[in-house]
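Below you'll find the structure, written out as structure tokens, and then a few comments.
The values are calculated or read from the model by the stated rules, or taken from the named source; none is laboratory data. Keep in mind the model is a prediction, meaning the values are calculated, not measured. Quick reminder, even Gly has a Cβ in these numbers, built from the backbone with ideal geometry, and neighbours come from all protein chains shown.
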Amino acid sequence: MKSIFFLIVVLMFAFNAHSQNSSSSNLEARAVVVEPIKISKSVDLNFGNVIAGFSQGTIILSPDGGRIANGAQISNAIPGEVSAAEAVVTHGEYNYSITLPENFTLFNENNPNQIMIINQFQVTPLRGITDQGDDILKIGATLNIEANQSAGFYTNPAGFNVTVSYN
């Protein structure tokens with residue numbers, strides 16, 4: 001009895017396997033090539049003239065160009081060139097992310113062993129400002145000044161990277 005039952009089950013699967021139908025469909029394929037995202041510098045980051053003190057201090061330059069001094073002084077009489085950095089981002093209608101450095105080092109032109117660190121970068125994107133719909137990124141940061149920081153012009157010609165990437 002068991003062998004007859006087993007034979008019936010095997011035959012059911014055999015007939016079932018041979019009785020399947022097949023079907024196919026013609027699918028189309030598409031792709032859209034978008035313009036690459038672009039960024040170009042328009043204004044450098046300039047903290048202006050600062051006066052070091054007997055203790056450490058910071059100058060916070062906001063993306064809107066305002067400066068706040070903590071433990072250091074800024075000269076209102078001779079402020080020097082003060083500007084938040086600006087860059088133009090061309091991105092079409094697509095969303096993107098912005099990556100800024102953790103910190104950046106400035107070197108004294110006359111004594112490269114004397115440095116100042118810039119950190120705590122902040123960015124404010126101004127959306128669709130240009131006629132083409134590009135964005136302008138306004139970038140500020142914090143300048144860290146050591147106690148009795150040596151006078152001089154501090155710069156780093158390598159510049160810091162601002163990276164934009166499509167999401």
In the range 97-112, how many residues are out of contact with any Ser or Thr (no Cβ under 9 Å at 6 or more places or on another chain) and modelled with pLDDT of 95 or more?
5
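How many residues are crowded, with 16+ Cβ neighbours inside 10 Å and under 21 Å from residue 167 (Cβ atoms) if we restrict to the range 90-108?
Count: 5.
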Selection from the range 38-63 of residues part of a loop (DSSP other than H, G, I, E, B), at pLDDT below 95 and either of a type in the set (A, V, I, L, M, F, W, C) or exposed (fewer than 10 other Cβ atoms within 10 Å of the Cβ) (or both) yields 52, 54
Scanning the range 22-37 for residues that are surrounded by 10 or more Cβ atoms within 10 Å (Cβ to Cβ) and more than 16 Å from the chain's Cα centre (by Cα) gives 34
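Could you please find all residues in the range 51-109 being charged (D, E, K, R) and closer than 20 Å to residue 146 by Cα?
67, 102, 109
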Could you grab the pairs with beta carbons closer than 9 Å, sequence gap of 6+ or different chains, first residue in the range 23-49 and over 26 Å from residue 135 (Cα atoms), second one assigned to a loop (DSSP other than H, G, I, E, B) and among the acidic types (Asp, Glu)?
49/81
Could you count how many residues in the range 66-98 are part of a loop (DSSP other than H, G, I, E, B) and either in contact (Cβ under 8 Å) with a residue 60 or more places away in the chain or on the phi < 0 side of the Ramachandran plot (or both)?
14
How many of the residues in the range 109-153 are more than 30 Å from residue 164 (Cα to Cα), of a type in the set (D, E, K, R) and loosely packed, with under 13 Cβ neighbours inside 10 Å?
1
Candidates 80, 92, filtered to the one that is at pLDDT below 95 and farther than 20 Å from residue 157 by Cα:
92
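Residues 77, 72: which one is more than 27 Å from the chain's Cα centre (by Cα), surrounded by 16 or more Cβ atoms within 10 Å (Cβ to Cβ) and either closer than 18 Å to residue 139 by Cα or among the small types (Gly, Ala, Ser) (or both)?
Selected residue: 72, the only one of 77, 72 that is more than 27 Å from the chain's Cα centre (by Cα), surrounded by 16 or more Cβ atoms within 10 Å (Cβ to Cβ) and either closer than 18 Å to residue 139 by Cα or among the small types (Gly, Ala, Ser) (or both).
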Out of all the residues in the range 108-167, which are of a type in the set (A, V, I, L, M), in contact (Cβ under 8 Å) with a residue 60 or more places away in the chain and outside any strand (DSSP E or B)?
147, 151, 162
